[in-house]
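Undergrad: Below is one structure. I have some questions about it.
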2 protein chains.
Amino acid sequence: MKLDEAKKQFVSEWGTFGSKWGVNRTMASVHALLLVSSESLCADDVMEQLDISRGNANMNLRALIDWGLVRKTHKAGERKEYFYAEKDVWKVTRQVIKERKRRELEPLRNMLTELKHDVDVESPESEEFQKMMVELSSFADAADVALEKMVKSDQKWVFNSLMKFLKASS
Amino acid sequence: MKLDEAKKQFVSEWGTFGSKWGVNRTMASVHALLLVSSESLCADDVMEQLDISRGNANMNLRALIDWGLVRKTHKAGERKEYFYAEKDVWKVTRQVIKERKRRELEPLRNMLTELKHDVDVESPESEEFQKMMVELSSFADAADVALEKMVKSDQKWVFNSLMKFLKASS
DNA sequence: ATATTATTTCAAAAAGTTCTGAAAGTTCAA
DNA sequence: TTGAACTTTCAGAACTTTTTGAAATAATAT
């Protein structure tokens with residue numbers, strides 16, 4: 001398979017994958033394109049290679065910068081902005097965890113905490129509801145601390161811990 | 001806060017949360033509703049409580065059954081089908097992991113494996129691309145084994161491992 | 001200052017997804 | 001069988017999200 005063909009397939013499938021995880025398909029494609037481009041690309045490159053409009057390219061590049069996955073760069077003697085994606089897969093993963101945690105897990109935890117405290121416990125029904133909130137809440141908390149530790153750790157250490165986890169007998 | 005009010009809030013926010021993770025908002029709401037209903041509900045209950053059509057209720061209840069999160073039940077002397085959600089949060093989590101792994105992670109791994117083998121390595125550019133595929137691939141593989149182990153373990157054991165992970169100095 | 005080039009914005013259009021409700025299908029008791 | 005009770009289907013409608021592209025804004029060179 002030719003390189004260009006392979007890149008195209010990767011970009012397209014990464015887009016599909018993203019869309020199943022609540023990420024705009026185009027944003028995921030732009031990210032994939034930058035991931036497999038050793039050189040930085042400018043807006044026109046992205047527009048051309050993905051066949052999307054200027055507005056769309058601009059919007060999704062900015063979203064990627066917002067997510068901390070892409071940086072603007074400049075080339076000497078050129079006025080255009082270029083875009084470069086972090087290539088280290090572990091760093092990318094950590095960044096995604098960090099952002100989703102902040103944007104989604106934390107609001108969820110706040111909601112659960114509120115609900116578990118605010119409901120009047122005055123009937124078996126209420127108690128059951130509260131119990132569910134407490135369970136979900138401790139679950140979300142556990143996920144939170146685990147993810148926080150991952151975000152702060154380096155790849156080797158996490159892989160090592162994973163190995164121990166796998167070898168340990170359950 | 002009254003119980004009904006709290007339930008409504010939970011159902012609505014769980015729906016929002018779901019939609020950020022690529023789950024149909026209504027499906028997440030139906031799941032939430034069943035999670036906080038100690039009794040099984042029938043299609044009409046769901047339609048009424050969420051104010052949705054019969055078709056929509058039917059479709060999302062079936063999807064939940066498909067995901068292994070909800071079971072059909074019957075009440076003695078009644079012809080109607082009732083629906084009951086698994087309440088054990090750990091079991092629910094495992095089921096979701098299991099299904100997403102099967103539906104999404106495995107296709108992704110296949111794609112990466114193909115791409116890393118099929119591309120002609122004949123230039124520095126191709127080598128770089130292949131390197132990225134290899135990295136993503138081993139990453140996906142690591143996630144796969146870790147999740148597989150989780151799916152097969154019980155809550156206590158996973159929480160215990162998590163504790164060790166958190167206490168270990170990085 | 002002005003022209004030139006690059007970037008951002010945003011209203012309207014397109015595309016994609018979800019929902020409705022009536023009709024068709026199924027099940028089962030009589 | 002028949003028909004009442006319930007479930008499923010699906011075409012079109014409603015809604016949501018994404019995309020476009022032209023205009024506004026910004027940045028830089030001359």
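The values are calculated or read from the model by the stated rules, or taken from the named source; none is laboratory data. Here the structure is a predicted model, which means the values were calculated and not measured. Here the Cβ positions follow ideal geometry from the backbone for every residue, glycine too, while neighbour counts run over all protein chains shown. Each accessible area value is taken on the protein alone, full model and side chains, heavy atoms only, with ligands, DNA and RNA left out. Shrake-Rupley method; radii C 1.70, N 1.55, O 1.52, S 1.80 Å.
Undergrad: Below 8 Å, C-alpha to C-alpha, sequence gap of six or more: please give me the relative contact order for region B:3-85 in percent.
TA: 26
Undergrad: Another question, if that's okay. What angle, in degrees between 0 and 90 and rounded to the nearest 10, separates the Cα long axis of helix A:124-152 from the longest principal axis of the Cα atoms of chain A?
TA: Its long axis makes an angle of about 40 degrees.
Undergrad: Region A:115-170: which GluC sites (Glu not before Pro) are DSSP loop and have at most 11 other beta-carbon atoms within 10 angstrom?
TA: A:E122
Undergrad: Here is a follow-up. By the scheme Lys and Arg +1, Asp and Glu -1, what is the net charge of all other residues having a beta-carbon under 9 Å from that of B:S38?
TA: Spelling it out: positives minus negatives among the neighbours equals -2.
Undergrad: Among B:M27, B:C42, B:L147, whose Cα sits farthest toward the positive end of the charge dipole of the protein assembly as shown (+1 at Cβ of Lys/Arg, -1 at Cβ of Asp/Glu, about the Cα centre)?
TA: B:L147
Undergrad: Counting Lys and Arg as +1 and Asp and Glu as -1, what is the net charge of the other residues whose Cβ lies under 14 Å from the Cβ of A:R100?
TA: On the way: positive: A:R94, A:K98, A:K101, A:R102, A:R103, A:R109, B:K20; negative: A:D66, A:E99, A:E104, A:E106, A:D144, A:E148.
Around A:R100, the surrounding residues sum to +1.
Undergrad: Given +1 on the Cβ of Lys and Arg, -1 on the Cβ of Asp and Glu, and no further charges, what dipole in debye does chain A carry about its Cα centre, rounded to the nearest 20?
TA: 1020
Undergrad: Just from its helices, what would the mean residue ellipticity at 222 nm be for chain B, if runs of 4 or more DSSP H residues each count -39500 (n - 2.57) and the sum is divided by every residue, rounded to the nearest 500 deg cm²/dmol?
TA: Counting only the DSSP helices, I get -22500 deg cm²/dmol.
Undergrad: Determine the total buried accessible area between chain B and chain A, counting protein heavy atoms only with a 1.4 Å probe; round to the nearest 100 Å².
TA: 5400
Undergrad: Expressed as an acute angle from 0 to 90° and rounded to the nearest 10, what is the orientation of the C-alpha long axis of helix B:89-100 relative to the principal long axis of chain B?
TA: 50
Undergrad: What accessible area per residue, rounded to a whole number of Å², is obtained for chain A using a probe radius of 1.4 Å?
TA: Values: 9320 Å² over 170 residues.
Dividing the accessible area of chain A by its residue count gives 55 Å².
Undergrad: Got a sec? Which residues of region A:30-49 lose 20 Å² or more of accessible surface with every protein chain in place, vs. that chain alone, 1.4 Å probe?
TA: With the partner chains in place, region A:30-49 has these residues losing at least 20 Å²: A:L35, A:V36, A:S38.
Undergrad: Another one. Using only Cα atoms, tell me the angle between helix A:25-35 and the longest principal axis of chain A; keep it within 0 to 90° and round to the nearest 10.
TA: The answer is roughly 60 degrees.
Undergrad: Can you compute the modelled spin-label distance between A:L166 and B:K152, with each label point 7 Å from Cα toward Cβ, in nm?
TA: 1.2
Undergrad: So if we plug the beta-carbon distance of A:S38 and A:S12 into 1/(1 + (r/R0)^6) with R0 = 22 Å, what FRET efficiency do we get, rounded to 0.05? Each step should come with its number before you reach the end.
TA: Values: r = 20 Å, r/R0 = 0.90.
Plugging the Cβ-Cβ distance into 1/(1 + (r/R0)^6) gives 0.65.
Undergrad: What part of the accessible area of region B:3-85, given as a whole %, is carbon or sulfur when the probe is 1.4 angstrom?
TA: Whole-percent figure for carbon plus sulfur exposure: 48.
Undergrad: Further question: Looking at region A:13-99, how many pairs of lysines come closer than 23 Å at the Cα, when each pair is eight or more places apart or spans two chains?
TA: Lysine pairs satisfying the spacing and distance rule in region A:13-99 number 9.
Undergrad: Give me the extension gain from A:N56 to A:K87: residue separation times 0.36 nm, minus the current Cα-Cα distance, reported in nm with one decimal.
TA: Length gained, A:N56 through A:K87: 8.9 nm.
Undergrad: Here's a follow-up. Take the protein assembly as shown, compute every pairwise Cα distance, and split them into 10 Å bins from 0; I just need the percent in each bin.
TA: Percent of pairs per bin, in order: 5, 21, 28, 24, 15, 6, 1, 0, 0.
Undergrad: While we're here: State the three equivalent ellipsoid semi-axes of region B:128-170, derived from the C-alpha gyration tensor as the square roots of 5 times its eigenvalues, in descending order and whole Å.
TA: 28, 15, 4
Undergrad: If you don't mind, there's one more thing I want to ask. Starting from the 7 Å offset along Cα-to-Cβ, what nm value, one decimal, do you get for the label separation of B:K80 and B:D120?
TA: With each label point 7 Å from Cα toward Cβ, the separation is 6.6 nm.
Undergrad: Also, quick follow-up: Viscosity 0.692 mPa s, temperature 37 °C: Stokes-Einstein D of region A:88-170 from its Kirkwood Cα radius, in µm² per second?
TA: 221
Undergrad: May I pose another question? For region A:37-116 and region B:93-170, write down the distance between their C-alpha centroids in whole Å.
TA: With region A:37-116 and region B:93-170 each reduced to a Cα centre, they are spaced 22 Å.
Undergrad: Taking the Cα centre as origin and putting +1 on Lys and Arg beta-carbons and -1 on Asp and Glu beta-carbons, what dipole magnitude results for the protein assembly as shown, to the nearest 20 debye? Each step should come with its number before you reach the end.
TA: On the way: 56 positive and 56 negative charges, 148 e Å.
I would put it at about 720 debye.
Undergrad: Continuing with this model, one more query. Taking region B:3-85, how much of its Cα-Cα pair set, in percent, is spaced more than 16 angstrom apart?
TA: Here the long-distance tail beyond 16 Å is 48 percent of all Cα pairs in region B:3-85.
Undergrad: Looking at the axis that maps chain A onto chain B, which chain A residue has the closest Cβ, and how far off is it in Å, rounded to a whole number?
TA: Residue of A nearest the axis onto B, distance in Å: A:G22, 2.
Undergrad: With an 8 Å Cα cut-off and a minimum separation of 6 or more residues, compute the relative contact order for chain A in percent.
TA: Relative CO of chain A lands at 14 percent.
Undergrad: OK, next. Where in region B:1-46 are there trypsin sites (Lys or Arg not before Pro) that are in a DSSP coil and have at most 16 other Cβ atoms within 10 angstrom of their Cβ?
TA: Of the trypsin sites (Lys or Arg not before Pro), the ones in loops of region B:1-46 whose Cβ has at most 16 other Cβ atoms within 10 Å are B:K2.
Undergrad: Determine one quarter of the surface area of the Cα convex hull of region A:17-138, which equals its mean projected area, and express it in nm² to one decimal.
TA: 10.2
Undergrad: Report the extension gain between A:M1 and A:E106 in nm, rounded to one decimal, defined as 0.36 nm multiplied by the number of residues separating them, less their alpha carbon distance.
TA: 33.4 nm
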